[in-house]
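Written below as structure tokens is the structure these notes are about.
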Amino acid sequence: MRLAGKVALVTGAGQGMGRSIARLFAQEGAAVVAIDLDPAAAEATIATAPAGHACAARKVDVSNSKEVKAVFAETMERYGRVDIVVNNAGIGAVDTLTETSDENWARVMGVNLTGAFYFCREAARCMKAAGNRGVIVNVSSTSALNGEGPVHYCASKAGMMGLTRSVARELAPSGIRINTVLPGPTNTPMMQTIPDEWSEAIVKAVPLARMGEPDEIARVALFLASDDSSFMTGQNVAVNGGMAFI
């Protein structure tokens, strides 16, 4: 098992890609802390973990720095280490530029980008304190490359790429790696919230002529979280059926 003995925090783990990532990491031997704003959804994810795994579900608002600090402190107290952090929590809204309110801009940026920053910061503190060579995986979006989508969503996801590059340079001397996966259109509950005509247009723009599946994204996240990618840091990996290139 590629993550045996590791402790992994996965945000947005209550559904979609986050659930698939948390489930796969547990199957690969990690003790997973499934984090979601919906505690019942996080619990449902943990219920799929193999028997005997010391997994946990926690309700955390990733845009609240106090709650983020608290879940890291609790994890360190319980497990004594943090090896892997996956910043998957994300939200969107169907707004045009001129319709985007200050509140919606702040809300989307707060979850998608500021939340990732909070988790990167606390992960670095915990990993450095424990002296372990940890890994951070950020989940961005192909929208960061092609600008297809609402302005706040695209900007927040592009910001994650810059966050990854900066953190990679700073933490490399400590042996801490960070990379980003950029999914294309994926069959998740979030995709079900957009208008049908948008979905149809998106699929037509994918050379492989279909949406991705959450498990396909999870397998790439596993690669980035494991020693299989031990010489990778600061990289952005597109998993989008050929929809856009880096």
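Points to keep in mind about this one:
- Residue tally, condition part of a loop (DSSP other than H, G, I, E, B) and under 17 Å from the mean Cα position of the chain (by Cα), over the stretch 7-37: 6
- Of all residue pairs spaced 6 or more apart or on separate chains, those with beta-carbon atoms under 6 Å, a first member in the stretch 162-187 that is farther than 25 Å from residue 244 by Cα and a second member that is of a type in the set (Ser, Thr, Tyr) and surrounded by 14 or more Cβ atoms within 10 Å (Cβ to Cβ) are 172/233.
- Hits in the stretch 94-142 (condition: within 15 Å of residue 10 (Cβ to Cβ), in a helix (DSSP H, G or I) and in contact with a Pro (Cβ under 9 Å, 6 or more places away or on another chain)): none
- Across the stretch 62-91, the qualifying residues are those that are part of a loop (DSSP other than H, G, I, E, B) and out of contact with any Gly (no Cβ under 8 Å at 6 or more places or on another chain), and the one among them that is surrounded by the most Cβ atoms within 10 Å (Cβ to Cβ) is 91.
- Identity of the residue in the stretch 92-102, polar (S, T, N, Q) and within 19 Å of residue 190 (Cα to Cα), that ends up surrounded by the most Cβ atoms within 10 Å (Cβ to Cβ): 100
- Residue match in the stretch 227-239 (condition: closer than 27 Å to residue 128 by Cβ, among the aromatic types (Phe, Trp, Tyr) and more than 16 Å from the chain's Cα centre (by Cα)): yes
- Filtered residues of the stretch 16-53 (kept if at positive phi and in contact (Cβ under 8 Å) with a residue 60 or more places away in the chain): 16
Only the coordinates and a few stated rules stand behind these numbers; no lab work does. Just so you know, these numbers come straight off a predicted model, no measurement behind them. Methodologically, a virtual Cβ is constructed for each residue, glycine included, from the backbone with ideal geometry; neighbour enumeration extends over all protein chains shown.
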